1. Test of understanding: ordering ASP19, ASP139 by Cβ neighbours within 10 Å, fewest first, what list do you get?
2. For the pair LEU135 and ARG49, how long in nm is the line joining their label points, each one 7 Å along Cα→Cβ?
3. If amide H atoms are built 1.01 Å from N in the plane of the peptide, which residues on other chains or at least 5 residues away come under 5 Å of the amide H of ILE185?
4. Under 5 Å between amide H atoms, partner at least 5 residues away or on a different chain: which partners does ASP13 have, H built in plane at 1.01 Å?
5. Can you compute 3J(HN,Hα) from phi for each residue in the stretch 84-90, using the Karplus curve 6.51 cos²θ - 1.76 cosθ + 1.60 with θ = phi - 60°, rounded to whole Hz and x for Gly and Pro?
6. Identify which of VAL209, VAL16, VAL150 has the largest mean-square fluctuation in a Gaussian network model of the chain, with springs joining Cα atoms closer than 10 Å.
7. Counting pairs of alpha carbon atoms under 8 Å apart in space and at least six apart in sequence, what relative contact order in percent does the stretch 164-221 give?
8. Using only alpha carbon pairs under 8 Å that are at least six residues apart, calculate the relative contact order of the stretch 1-101 and give it in whole percent.
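Read the figures in this text as sums done on the coordinates, not as results from a lab. Values in this document were obtained by computation on a predicted structure and should not be read as measured data. Glycine also receives a Cβ, built like all others from the backbone with ideal geometry; neighbour counts cover every protein chain displayed.
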Amino acid sequence: MPALLVVYFPLADPVVGLDLLALYAEAGVDVVECGWPARAPYLDGPDVRAAMARAGDPAAAWRAVRQRLAASAGPQPLLMTYAEPGHPGLADASFFAGAYGLIAVAPAGNATRTALEARARTAAGRVCAFLPLPLSEPDVEAARRASGYVMLQAAAGLTGPRTALDPANAARIANLRARGVAAPILLGFGVSTGEQARAALALGADGVVVGSAALRAALRGRAALAALLNNLRRGLDG
């Protein structure tokens, strides 16, 4: 199976326009992880927090992203959201229509997360699992049930670029496989170069999730974002 490249896109951030999605498609991004603004993004560093603070109407942006990507043969949109009470995905039957699926951040068993995942399944979308560090048995069980990919937190702390990947991820991935996790396992938190993406594969990952580095590149302009996305794809493809 080809390595998966998942890249973050901030919903409704006026600085990161929808036109940049064309660069995701051209570079061979597999899934666009659409970030829904949260009231308390407790796992995110300054880059994602700033994008969320700038956001306008995320519901309109989510519809626009799905429509734009549906019109192409490029990447599929996935909703990345914190499972916060009152989330609009709970009440709108069409919220996940045409989407790859959902990854909801909250402790395993959280009622809002469970309800959002049920809504995504009803819409025939995939449910992905986010595994924070340290790994817990409820999170591993959620990973066993994942119908999409599993995103493994590759480094302790908040989101943001790192200079290198923690080699301990090899043992974490092997442990998850031994415990019955069959879905693709992707490393996120800190991946910011093609070299690091390639290193993730060497540690046993099936791909990577890139967030803060993509936001920083987008703020520098189209050429910088295109260069990063292409470098990541080349790193995964060897």
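1. Values: ASP19 9, ASP139 21.
Ranked by crowding around the Cβ, least crowded first: ASP19, ASP139.
2. Distance between label points: 2.9 nm.
3. Close amide H contacts, sequence-distant or interchain: VAL150, ASP206.
4. GLY56
5. 9, x, x, 4, x, x, 7
6. Fluctuation is largest for VAL16.
7. Numbers: 58 pairs, mean separation 21.9, N = 58.
Once divided by the residue count of the stretch 164-221, the mean separation gives 38 percent.
8. The normalised contact order for the stretch 1-101 reaches 33 percent.
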